[in-house]
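What follows draws every value from the coordinates through simple rules; no lab data is involved. Keep in mind the model is a prediction, meaning the values are calculated, not measured.
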Amino acid sequence: MAADDWLIGRDRHSEAAERIYAAATSLMLRVGYDGFSIDALAGLVHCSPATIYRHAGGKSAIRDVVMARHAERILDSVREEISGLTGPERVVRATTAALRRLRADPLAQMMPPVAPHSGDDWLSDSPIVVAFAHEMVGLTEPDPLAAQWLIRTFLALWHWPLKNPDAEIEMVRRFLGPPYASGSTAATADPQPSA
């Protein structure tokens, strides 16, 4: 083994994965997701592409981990703002706080071209994102349709913001908050039309 081997004396797999995710985050910040490639990442980490695949998976797997970790950090601050809140006020505060933080976040800026326009539903279908939506809404029971409504409304607001922030907050308060008034929603009913 070379003396400058960055994995000597450590848990090789977890240490390699952490180094890869950190480099991937840095690379995505510089070139965006579309410019991100396994070859470029391997060059940044000074290893072969095979090492990247072995320790962290392919491009989409790395993207998912980087985004989930990043979202968790943002949501930690949102959790502080919604602590103790329920019903519509929780949804309104969670939505507006998350929008504010994401719009100011450099890593989040590389996501808009990926999510709504590419036909790839990885963001709205991600179990991690759905779990975050359930938590932000504060539903008493899992409700996939309610989570999807929040996710898709949130993505629309994120990618197509109103120029007037006060109007946006009022729109969220009037049209997104009320469905969550009781802590559970009518969306838990069977979404299939009756025969």
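Under 37 °C and 0.692 mPa s, how fast does segment 64-109 diffuse according to Stokes-Einstein, given a Kirkwood radius computed over C-alpha pairs? Answer in µm²/s, whole number.
D, rounded to a whole number, is 298 µm²/s.
Per residue of segment 64-71, in order, report the coupling 6.51 cos²θ - 1.76 cosθ + 1.60 (Karplus, θ = phi - 60°) as ³J(HN,Hα) in whole Hz, putting x for Gly and Pro.
Karplus-based 3J(HN,Hα) across segment 64-71 equals 4, 5, 4, 5, 4, 5, 5, 4 Hz.
Principal axis lengths of segment 17-108 from Cα atoms, whole Å, largest first?
Per principal axis, max minus min of the Cα coordinates gives 50, 22, 16 Å.
Which whole-Hz couplings ³J(HN,Hα) result when phi for each residue of segment 139-153 is put into the Karplus expression 6.51 cos²θ - 1.76 cosθ + 1.60, θ = phi - 60°, listed in order with x for Gly and Pro?
Ordered by residue, 3J(HN,Hα) equals 5, 6, 9, x, 9, x, 5, 5, 5, 5, 4, 5, 4, 5, 5 Hz.
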